[in-house]
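The values are calculated or read from the model by the stated rules, or taken from the named source; none is laboratory data. These numbers come from a predicted model, not from an experiment. Neighbour counts are summed over all protein chains in view; Cβ atoms, including those assigned to glycine, are modelled from backbone coordinates with ideal geometry.
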Amino acid sequence: MPTVIIVGAGIVGSAIADELTQRGWTDVLVLDQGPLYATGGSSSHAPGLVFQTNPSKTMTNLAQYTVEKLASLDAFRPLGGLEIATTPERLVELHRRAGFAASWGVPARVLGPEEAAALHPLLSPDKILGGLHTPTDGLVNAVDAVTAQAERAIAHGARFLGGHRVTGVRTTPEGRVAGVDTDQGSFDADIVIGAAGFWGPQFGALVGLTTPLLPLAHQYATTGPVAGLSGTESAPILRHQDADLYFRAHGDRIGIGSYAHRPMPVERIRTHDESAVMPSVEEFTPADFDPSWEDAIALLPALAETKVEEGINGIFSFTTDGFPLIGEHRDLPGLWIAEAVWVTHSAGVAKALAEWITTGNPGTDLHECDLYRFDPVQLTASYVRTRAQRSFIEVYDILHPLDPPADPRPLRVSPFYPRQQELGAVFTEGAAWERPLWFEANTDLPEVATVPGRDAWAARHWSKTAGAEALVTRDRVAMYDMTPLSRLEVAGPGALAFLQHMTTNNLDKAPGAVTYTLMLDEAGGVRSDLTVARLAPNRFQVGVNGPLDLDRFLRHAPDDVIVRDITGGTCCIGLWGPRARDVLQPLTTTDVGHTAFGYFKARHLNVGDVPVDALRLSYVGELGWELYTSAELGLRLWDTLWEAGQEHGVIAAGRSAFNSLRLEKGYRLAGTDMTGEHDPYSSGLGFAVKTNKEFIGRDALLNLGEPQRRLTVLTLDDPTAVVLGKEPVYVGETPAGYVTSASYGYTIGRCVAYAWLPASLQDGDAVTIDYLGTRLAATVGTEPLFDPTMERIRR
Ligand code: FAD
Ligand code: THG
């Protein structure tokens, strides 16, 4: 049995110790620099509100487990959660959040002002427009929860030592973890887990690991006695997001947390000796709290009779995207971290991590939380500082799914950026890339007039012009900037065998072949879908879905294979549409006819003056090519195609059209439509699996039963209605699943929504989708909705 050391005895560290010992890994030592179990970290003063509902299914599931577990340990009180609206926009947002709750299986209901106010002794109906009530939300006493989990772990063999500061991590000559050094001596271990909370970056520095979190102070204040509070603490936990506030009762007093103040990054974390209270508590700065106090009284007038008696600026971790950081150090096996985790998600994260360490698989889809989800440009100190402060500011904001981050921008731009600007690109940002959503230059296209309008929420970051771009792609030809699509070069004598092992489809084909294939985890869940182009016997170009695919390749690559991310130094134009060949052929001496250059083939050719690797495939479901060249030739490639395309009516088209076209064609987006929770068959991707060869996840696939759920295509019945993704789907009055991605399909004239639904549903069955509190009728369809015979592509 491996020996485990956990650094940090906060709520995360103690939960991990409990989960490991529950799994029979009893040789666990938990070290904390502070005293047990109020260690001086964030858990020692967290007021412990647990609101489970989150736009992320994973985060919600982690919270649901935390509630379940801590309730079983008597460390959770299900007082209910109440989120109130004081603006019409927030009321709509509460309906959207009720949708998330229904999608992920949290009971919740939007109530009118009277009913909502009746739940809380200090609320009055005239102050609010309504509330979202979640009966299973509630309060954790974090120190009690730490203690309960620690005591159970100790009963199963774990040891906890306070007053031990970890100062180094020891390694074996082979480069594995061997133990830790502390200010009280050394300890051996096969596995070391950093649960160091906002000390994470310092702990990471001991092992050469960039830990992209920022410690920020957040104000929490407690009032004196409040008339009207019974002292029994039966009031639900309360959120007033329009004023960036939350409330809980402490006996007959109220605790108020505020995210309304300026971000307060902690420049230097104090030691225990230097701290007046504890390292995670900085001195209260009342002036920062004053506006929040006014807002609190405005909502709960009974507070006017009392005052703020105590306050802290309490420190905890913020990340650039709001998700935790979980995973194993790629270059130091045996070193894991679980940091930037709220009390709310603590036990769920601990369970997933314990599963991951003991079985090799977290059992929960953690891709949003993975330590290696970032591109290097997202790991600089300045980026982390800017974006983590942004996360603090936006904690309670109403965020549209397409809202782009504000700064730092622009960071990554493709070589076509100046041309995109000239064409009036409306940019969004993804993975630090500037990405055109649509081009204002296309606003005068006659097709624009045929595109239906939509409601104000769905119309954000959208334009009828995007619809016109989609129609022109189907009708003529368009150029798409595919540069941000991550691509890897996989080369060396072992490259073929490696890729065969890593993915499901057969890649043992002659150079010039392109194959669509899946990367599974050991349990058969879909990690990613890839295109593999064999450019030479020992050299492959792999189109992937981002840094996590690179990470997985790097972890598995043997010595005779080199894996390189070539995204940054190269660029790509997707030239797609029925006239794509008419544009391309005159520019090259290579025959690009269907016979000479077939579907899913790769050729090296010249486009005018530019050497390119051309891949004949298209995520939008039209005739055409992805044309790759090195970055410095990108502008020349763009201009060459643009000029040649004029007589064929070429346009530049953006992400918005792209997403619509791929959904009409039924092409999935890994990480959104299917994740590690889903097997290839229920995802509709069985065609890319060849079980007659060996690959990771094959054994698990062989033991699958009949799928219970299926990724199902729906169309909305109302030809002007749209949904955006994550909405719950009802069969009759029963929540039956949730939408993954959705977009209006401009060619088919209906909104297309993919959804995980019971496998028993059939073509033509009626369902409803809850969109912001309104039920929209939808119908199960047959895939693909567009061009099922492939006549537009294979010609
Ligand atoms: P910590 O509790 O900070 O534990 C980390 C431990 O690691 C510390 O004990 C530290 O001493 C130890 N450590 C670090 N480095 C070393 C080392 N080198 N050697 C030895 N030991 C080390 N979350 C919610 O879910 N709901 C809330 O309502 C809520 N409210 C909050 C209100 C405030 C004012 C604050 C500040 C936070 C709040 N949070 C809330 C966030 C929550 O408190 C934290 O996210 C959570 O407690 C983090 O737990 P942790 O175990 O990761 O960190
Ligand atoms: N281009 C390239 N690589 C990629 C993508 C891309 N890698 C990541 C991601 N996108 C992969 N997703 C898809 C999804 C569908 C298809 C291609 C990439 C596709 N599917 C055909 C189908 O389902 O009919 C393939 C059928 C077949 O196997 O022949 O084209 O956009 N380079």
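Looking only at strands (runs of 3 or more DSSP E) that lie completely in the range 212-300, which have at least 3 residues being over 25 Å from L123 (Cα atoms) and at pLDDT 95 or above?
Numbers: elements: 213-223, 237-240, 245-250, 253-258.
Answer list for the range 212-300: 213-223.
Are any residues in the range 243-282 surrounded by fewer than 17 Cβ atoms within 10 Å (Cβ to Cβ) and in contact with a Gly (Cβ under 9 Å, 6 or more places away or on another chain), and if so, which ones? G251, H272, S275, V277, listed by residue number. If the condition is being crowded, with 21+ Cβ neighbours inside 10 Å and either within 20 Å of A117 (Cα to Cα) or free of Cβ contacts under 8 Å to residues at least 12 places away in the same chain (or both), then the range 52-89 contributes L79, G81, L82, E83, I84, A85. With the condition kept exactly as written, say whether any residue in the range 494-514 is touching a residue at least 12 places away in the same chain (Cβ under 8 Å), out of contact with any helix residue (DSSP H, G or I) (no Cβ under 7 Å at 6 or more places or on another chain), of a type in the set (K, R) and over 24 Å from R579 (Cβ atoms). Yes, that holds for at least one residue.
If you check V592, V607, V583, V561 for being more than 15 Å from ligand 2 (Cβ to nearest atom), more than 36 Å from the chain's Cα centre (by Cα) and closer than 30 Å to V377 by Cβ, only one passes: V607.
Among the residues of the range 636-647, is any assigned to a loop (DSSP other than H, G, I, E, B) and away from ligand 2 (no atom under 12 Å from the Cβ)? No, the range 636-647 has no match at all.
Within the option set R152, R176, R170, R239, being among the basic types (K, R) and buried (at least 21 other Cβ atoms within 10 Å of the Cβ) holds for one residue only, R239. Just one of (1) of a type in the set (D, E); (2) part of a strand (DSSP E or B); (3) without any contact (Cβ under 8 Å) to a residue 60 or more places away in the chain fails for D770. It is (3).
Among the residues making up the range 408-467, a single one is touching a Lys or Arg at 6+ places or on another chain (Cβ under 7 Å) and at positive phi: A432.
Whenever a residue of the range 613-634 is within 16 Å of ligand 1 (Cβ to nearest atom), it has no partner that is of a type in the set (V, I, T) and outside any loop (DSSP other than H, G, I, E, B) lying with C-beta atoms less than 8 angstrom away and at least six residues away or across chains. I'm checking my understanding of the structure. Among residues of the range 657-705 that are under 19 Å from A759 (Cβ atoms) and of a type in the set (S, T, N, Q), which one is farthest from ligand 2 (Cβ to nearest atom)? Here the residue is N703. Residue count for the range 350-366 under the criterion of being in a helix (DSSP H, G or I) and of a type in the set (S, T, Y): the result is 2.
Restricting to the range 524-542, and then to whatever is of a type in the set (D, E, K, R) and over 28 Å from the mean Cα position of the chain (by Cα), can you tell me which residue is nearest to ligand 2 (Cβ to nearest atom)? Spell out how you get there, then give the answer.
Keep residues of the range 524-542 that are of a type in the set (D, E, K, R), which gives 527, 529, 534, 539.
So of that shortlist, the ones also over 28 Å from the mean Cα position of the chain (by Cα) come out as 534, 539.
Working: R534: 13, R539: 15 Å.
Only one residue fits best here, namely R534.
Looking only at the range 733-751, decide whether some residue is aliphatic (A, V, I, L, M), within 30 Å of V592 (Cβ to Cβ) and out of contact with any Cys (no Cβ under 9 Å at 6 or more places or on another chain). Talk me through it step by step, then tell me what you get.
If we filter the range 733-751 for residues that are aliphatic (A, V, I, L, M), which is where we start, we get 736, 739, 742, 748.
Filter once more, keeping what is within 30 Å of V592 (Cβ to Cβ): 748.
Pick out the ones that are also out of contact with any Cys (no Cβ under 9 Å at 6 or more places or on another chain) and you get 748.
For the range 733-751, residues aliphatic (A, V, I, L, M), within 30 Å of V592 (Cβ to Cβ) and out of contact with any Cys (no Cβ under 9 Å at 6 or more places or on another chain): present.
Within the range 40-73, track down each residue that is assigned to a loop (DSSP other than H, G, I, E, B) and either modelled with pLDDT of 95 or more or under 14 Å from V106 (Cβ atoms) (or both). Steps first, please.
The first filter runs over the range 40-73 and keeps only residues assigned to a loop (DSSP other than H, G, I, E, B), leaving 40-41, 45-48, 51-56, 73.
Selection gives G40, G41, P47, G48, F51, Q52, T53, N54, P55, S56, L73.
Only one of these conditions is not met by V723: (1) assigned to a loop (DSSP other than H, G, I, E, B); (2) modelled with pLDDT of 95 or more; (3) surrounded by fewer than 22 Cβ atoms within 10 Å (Cβ to Cβ). Which number is it? For V723, the failing item is (3). Residues of the range 648-656 include at least one that is surrounded by fewer than 19 Cβ atoms within 10 Å (Cβ to Cβ), over 32 Å from the mean Cα position of the chain (by Cα) and either within 16 Å of ligand 2 (Cβ to nearest atom) or small (G, A, S) (or both).
Would you please name the residue that is farthest from E727 (Cα to Cα), looking only at residues in the range 666-708 that are of a type in the set (A, V, I, L, M) and in contact with a helix residue (DSSP H, G or I) (Cβ under 8 Å, 6 or more places away or on another chain)? Residue satisfying both the conditions and the ranking: I696.
Conditions tested, residue by residue: (1) more than 8 Å from ligand 1 (Cβ to nearest atom); (2) under 21 Å from D188 (Cα atoms); (3) surrounded by 22 or more Cβ atoms within 10 Å (Cβ to Cβ).
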{"residue": "T3", "(1), (2), (3)": "yes, yes, no"}
{"residue": "V7", "(1), (2), (3)": "no, yes, yes"}
{"residue": "V12", "(1), (2), (3)": "no, no, yes"}
{"residue": "Q22", "(1), (2), (3)": "yes, no, no"}
{"residue": "D32", "(1), (2), (3)": "no, yes, yes"}
{"residue": "L36", "(1), (2), (3)": "yes, no, no"}
{"residue": "S42", "(1), (2), (3)": "no, no, yes"}
{"residue": "G48", "(1), (2), (3)": "no, no, yes"}
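Here A347 passes the criteria (1) in a helix (DSSP H, G or I); (2) in contact with a Pro (Cβ under 7 Å, 6 or more places away or on another chain) except the one numbered (2). Annotation: of all residues in the range 479-495 being of a type outside the set (D, E) and within 14 Å of I562 (Cβ to Cβ), the one that is nearest to ligand 1 (Cβ to nearest atom) is L488.
In the range 1-18, which residue that is of a type in the set (A, V, I, L, M, F, W, C) and under 16 Å from V177 (Cβ atoms) is modelled with the lowest pLDDT?
So in the range 1-18, the residues of a type in the set (A, V, I, L, M, F, W, C) come out as 1, 4-7, 9, 11-12, 15-17.
Among the residues that remain, those that are also under 16 Å from V177 (Cβ atoms) are: 1, 4-7, 16.
Working: M1: 89, V4: 98, I5: 98, I6: 99, V7: 98, I16: 99.
If we take residues in the range 1-18 being of a type in the set (A, V, I, L, M, F, W, C) and under 16 Å from V177 (Cβ atoms), then M1 is modelled with the lowest pLDDT.
Take A108 and tell me if it is farther than 18 Å from D244 by Cα and touching a helix residue (DSSP H, G or I) at 6+ places or on another chain (Cβ under 6 Å). Judged against the criteria, A108 is a match. Across the range 312-330, which residue is nearest to ligand 2 (Cβ to nearest atom) among those that are surrounded by 22 or more Cβ atoms within 10 Å (Cβ to Cβ) and over 30 Å from R176 (Cβ atoms)? Taking the candidates together, the pick is F318.
Name the single residue, out of those in the range 442-472 being among the acidic types (D, E) and crowded, with 17+ Cβ neighbours inside 10 Å, that is farthest from the chain's Cα centre (by Cα). Walk me through it before giving the result.
Quick first cut of the range 442-472, residues among the acidic types (D, E) only: 444, 447, 455, 469.
With crowded, with 17+ Cβ neighbours inside 10 Å added as a condition, the list becomes 447, 469.
Values: E447: 35, E469: 28 Å.
Ranking the candidates gives E447 first.
Quick grid of which residues meet (1) within 15 Å of ligand 1 (Cβ to nearest atom); (2) charged (D, E, K, R); (3) touching a Phe, Trp or Tyr at 6+ places or on another chain (Cβ under 7 Å):
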site	(1), (2), (3)
T53	yes, no, yes
L79	yes, no, no
P107	no, no, no
P121	no, no, no
L129	no, no, no
V140	yes, no, yes
